[in-house]
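Structure, as structure tokens:
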Amino acid sequence: MHVYSNALEMIGRTPMLKLSRFDTGPCELYLKLEMMNPGGSIKDRIGLSMIEEAEKRGQLKPGDTIVEATAGNTGLGLALVAAQKGYRMILVLPDKMSQEKIFNLRAMGAEVVLTRSDVGKGHPEYYQDLGAAIAQKMGAYFINQFANPDNPKAHEETTAPEIWEQMQHKLDAVVIGVGSSGTIAGLAAYFKKHAPHVELVLADPQGSILKEYIDTGKMTQKGSWLVEGIGEDFIPSICDFSLTRRAYSIPDGESFSVARALLQKEGVLAGSSTGTLLAAALHYCREQKEPKRVVTLACDTGSRYLSKLFNDFWMDDQGFTQREKFGDLRDLIGRPHGQRATITVGPDDALTTAHNRLRNAGFSQLPVMEDDQLIGVVTEDDILRFAFGRPECFNEPVRHAMTKAFLRVDKSTSVNNLVAMLEVRSSAAVMDGDRFLGLITRSDVLNYLRRQVR
């Protein structure tokens, strides 16, 4: 087996997996595992290409600063390359990106600037406009993946020929998404020269304008979507749809469901955009009347989405899964105690234990349980009041700091009355007689209300 001298040599030459546990109609469906690049995504390819080509042109010199606007994975690819080559890396991200991506970027030494995800191109806080402004102000090199010809060049010279070789020159279609559009443009450039019969099929998140543009040639108003890394509200200047005649619009819920099914059926942990691509590929394959050989991409690793689409509670909070409905306050409980979903603490546990559980879960309060009975609630405020100025008190048992006079409500209490009570209390314990059902916080109420308008 080959031994590499650095991580950059490991970019590309990713494996191809034939899917065997999905219904693919008359077709054979293959998945190119781009999440096995060293930075965990297909964007490693363009990170290397865009930096090395800039070096060749003399636009980047040792010690320079690089700025880019990214949905996350391009930033990770750039951060990987920049760290190996000694550049300072500043990345502007929309604030809908997963925490795992942000933590990963910072751990690699990149400086992260978060900006709004609810504004469009032309707004000063739109991530691409803000990135360009920061680069201009600093005199830094702005990568600008959306207009950078070295982006599609990476895919024309590496991704496309790898696919063609792995499929032994027997290929009918490739299903891909569009973010910066480098992948679709690079594959189009390669296959127009070497295999013009290959059809490029667009997988687009519902809310993006690209599917409608492929179908009608018209630009529409963008919506919103939660899938990361693909979908657009404009057509990037490097885009090439010349081999694309078919497009599928995939709702977030279907994307997440298919990504989770990929892990369960095939053992591949891939991200949200992979769910979109695979869902579109399955639609395409099942519609065919004749056998075809089809490739799609596992764009990035699903380990960057463990707090999102692979988190059952996040999926429920977003309304993508359906729990049993009761028509009472049980419908608002985010972490039902009867499902062992509640994080609790015992009265004799040390306050350090309670604080660790609060911090790790991102909560502000924990039920205190003894013999499966709710005897109190301990909050951040309780711990602060008890231990401030006396840090040794963190070793005291929870019972010394917990609140016994907490808010209890019966499951039949109306939502209106609950909301009125939560104006002065941060949470309410929902009870069925003496049986504890779970806590409802203000956040749980907001999630419940948001689900009503989906």
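The values are calculated or read from the model by the stated rules, or taken from the named source; none is laboratory data. Predicted model only: the values in this text are computed from it and were never measured. FYI the Cβ positions are ideal-geometry reconstructions off the backbone, even for glycines, and counts take in every protein chain you see. Accessible surface is based on the protein model in full, side chains and every heavy atom, while ligands, DNA and RNA are left aside. Shrake-Rupley method; radii C 1.70, N 1.55, O 1.52, S 1.80 Å.
Structure summary
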item: Qualifying GluC sites (Glu not before Pro) in the range 88-173, DSSP loop, other Cβ atoms within 10 Å at most 16; result: Glu125
item: The chain - Cys residues lacking any other Cys C-beta under 4.7 Å; result: Cys239, Cys299, Cys393
item: Rounded percent of accessible protein surface that carbon and sulfur make up, the chain, 1.4 Å probe; result: 49
item: Candidates per chymotrypsin sites (Phe, Trp or Tyr not before Pro) in the range 356-400, loop by DSSP, up to 10 other Cβ within 10 Å; result: Phe388
item: Cβ crowding within 10 Å averaged over residues, with 323-331, 23-31 ranked highest first; result: 23-31, 323-331
item: Listed residue pairs exceeding 31 Å between alpha carbons, taken from Lys222/Lys308; Lys56/Lys308; Lys32/Lys101; Lys56/Lys101; Lys85/Lys222; Lys170/Lys308; result: Lys56/Lys308; Lys85/Lys222; Lys170/Lys308
item: DSSP-assigned coil residues among trypsin sites (Lys or Arg not before Pro) in the range 53-118, each with at most 10 further Cβ atoms within 10 Å; result: Arg57
item: Length added when fully stretched, Arg450-Asp118, from 0.36 nm per residue minus Cα-Cα; result: 117.8 nm
item: With DNA, RNA and ligands ignored, accessible area of Trp314 (1.4 Å probe; Å², nearest 10); result: 40
item: Sequence of Met219, Met369 when ordered by accessible area, the most exposed leading, probe 1.4 angstrom; result: Met219, Met369
item: Share antiparallel - DSSP beta bridges, the chain, percent rounded to 5; result: 35
item: Inter-centroid distance (Cα atoms) of the range 1-43 relative to the range 298-323, Å; result: 22
item: The range 60-80-the range 81-141 distance, computed between alpha-carbon centres (Å); result: 8
item: Shape category assigned to the chain from the gyration tensor of Cα positions, a/c cut at 1.5; result: prolate
item: Residues of the chain: accessible area per residue with a 1.4 Å probe, Å²; result: 45
item: Total charge dipole magnitude, the range 383-426, about the Cα centre, Cβ charges on Lys, Arg, Asp, Glu only, Debye to nearest 20; result: 100
item: Computed helical MRE - 222 nm, the chain, DSSP H runs ≥ 4 contributing -39500 (n - 2.57), nearest 500; result: -10000 deg cm²/dmol
item: Solvent-accessible area of His194 with every protein chain in place, 1.4 Å probe, in Å² to the nearest 10; result: 100
item: Cut-off under 5 Å, modelled amide H: who pairs with Cys27 long-range; result: Lys292
item: Over the range 219-364, relative contact order from alpha-carbon pairs under 8 Å, at least 6 apart, %; result: 15
item: Separation of the Asp381 and Glu55 label points, Cα + 7 Å toward Cβ, nm; result: 5.6
item: For the range 377-399 versus the range 219-255, the gap between their alpha-carbon centres in whole angstrom; result: 50
item: Pairwise FRET efficiency - Ser307 versus Ser237, Cβ, R0 = 35 Å, nearest 0.05; result: 0.55
item: Beta bridges by DSSP in the range 1-152, antiparallel share as percent, to the nearest 5; result: 20
item: Inter-probe distance in nm under a simple model that places probes 7 Å from Cα toward Cβ, at Ser443 and Ser414; result: 2.9
item: Selection from Ile440, Trp164, Ser208 lying farthest towards where the dipole of the chain points positive, charges on Cβ; result: Trp164
item: Relative contact order computed over the chain (Cα-Cα under 8 Å; 6+ residues apart), in percent; result: 13
